[in-house]
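Trainee: Following this message is one structure expressed as structure tokens.
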Amino acid sequence: MSMAITGATGNVGRALVETLAAAGVPLTATARGITDAHLPEGVRALPSDLTDPETLRPVLEGADALFLQSGGPSAFLIDPPRLLDTVKRSGVRRVVLLSSQGVATRPESASHGRTARVIEDAVRESGLDWTILRPGGFASNAFAWAESARTRREIAAPFADTGLPVIDPADIAEVAAVALREPGHNEAVYDLTGPERVTPRDQAEAIARALGEPVRFTEQTRAEARAQMLHFLPEPVADTTLSILGTPTEAEQRISPTVEHITGHPPRTFTTWASRNITAFR
């Protein structure tokens, strides 16, 4: 079985490519600006842009299954029915979609719920076999603190003691690999979280332990965090993200058993993620 992986240079896509390549699965990996240097040996790299489905045609040639990572700023520019029509006409039979927990928890939010729902609906209506993954917050969002931790041994974040069960992207990738390769996951929607709620203060302490050095934690006000986020996020995305971080719903705080059920092992802790990625904070 041959597979195509979109978003292959991102935190989930990169881990998925590594997992499937190690298993000997024939792969084509795609992202904007991707080159062979981004990938394990033997994985074909072809650049594409999901906002222009025609660029996907060479990527999908000969592929039986597709991992579709449609998040990020470009999600607002994607034409989901056209994209899925291109996928179907290419001969792909199965799609695993990386969606968002926000489809269920923030359905009225254009940035987190409504846009992802439109893409989900296009996948459901495509006539293809499909599986939808809805993770909560990513452990890798902590990379936003890497520069301040590296240069000043300082981490600043709002809502210091509000915990969420953030998930290691490697666990999302493992679930995706199973759903792409094994039967029994058609028309399934999987909520994915980490094994425990961790607060920003907890995360800073885990990074400090992995560094073996003190890291000063400073609690930001919502206004301070918002001003910082607006440097790299659209206003609606920043505002909804702050609402999730500061006043999460019961569903956003709930710990899902799905990762262990699908992969056979408990989801990785934030401490494990921090230890594996500590070079970014040195």
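The values are calculated or read from the model by the stated rules, or taken from the named source; none is laboratory data. Bear in mind the structure is a predicted one, so any value in this text is a computation, not a measurement. Every residue, glycine as well, gets a Cβ built from its backbone with ideal geometry; the counts of neighbours run over all protein chains shown. Accessible surface areas use protein heavy atoms only, side chains included; no ligands, DNA or RNA. Shrake-Rupley method; radii C 1.70, N 1.55, O 1.52, S 1.80 Å.
Trainee: Six or more apart or on different chains, Cβ atoms under 7 Å: show the pairs whose first residue is in the range 200-222 and closer than 13 Å to residue 161 by Cβ and whose second is open to solvent by 60 Å² or more (accessible area, probe 1.4 Å) and assigned to a helix (DSSP H, G or I).
Mentor: These pairs meet every condition: 217/201.
Trainee: Test residue 92 against the stated conditions and say whether it is in contact with a strand residue (DSSP E or B) (Cβ under 7 Å, 6 or more places away or on another chain), assigned to a helix (DSSP H, G or I) and surrounded by 14 or more Cβ atoms within 10 Å (Cβ to Cβ).
Mentor: no
Trainee: Taking strands (runs of 3 or more DSSP E) that do not extend beyond the range 1-89, which have at least 2 residues that are aliphatic (A, V, I, L, M) and within 22 Å of residue 126 (Cα to Cα)?
Mentor: Fully inside the range 1-89 and qualifying: 3-5, 65-69.
Trainee: Tally the residues that are touching a Phe, Trp or Tyr at 6+ places or on another chain (Cβ under 6 Å), hydrophobic (A, V, I, L, M, F, W, C) and farther than 21 Å from residue 204 by Cβ, restricting the search to the range 226-276.
Mentor: Residues flagged as touching a Phe, Trp or Tyr at 6+ places or on another chain (Cβ under 6 Å), hydrophobic (A, V, I, L, M, F, W, C) and farther than 21 Å from residue 204 by Cβ within the range 226-276 amount to 0.
Trainee: Going through the range 213-239 one residue at a time, which ones are farther than 16 Å from residue 110 by Cβ and outside any helix (DSSP H, G or I)?
Mentor: Result: 213, 214, 215, 216, 217, 218, 219, 220, 221, 230, 231, 232.
Trainee: To continue, here is another question. When only residues in the range 245-279 that are touching an Asp or Glu at 6+ places or on another chain (Cβ under 8 Å), of a type in the set (Ser, Thr, Tyr) and open to solvent by less than 50 Å² (accessible area, probe 1.4 Å) count, which is farthest from residue 133 (Cα to Cα)?
Mentor: Among those that are touching an Asp or Glu at 6+ places or on another chain (Cβ under 8 Å), of a type in the set (Ser, Thr, Tyr) and open to solvent by less than 50 Å² (accessible area, probe 1.4 Å), it is 269.
Trainee: Of the residues that sit in the range 119-147 and are polar (S, T, N, Q) and open to solvent by less than 20 Å² (accessible area, probe 1.4 Å), which one is nearest to residue 197 (Cα to Cα)?
Mentor: 140
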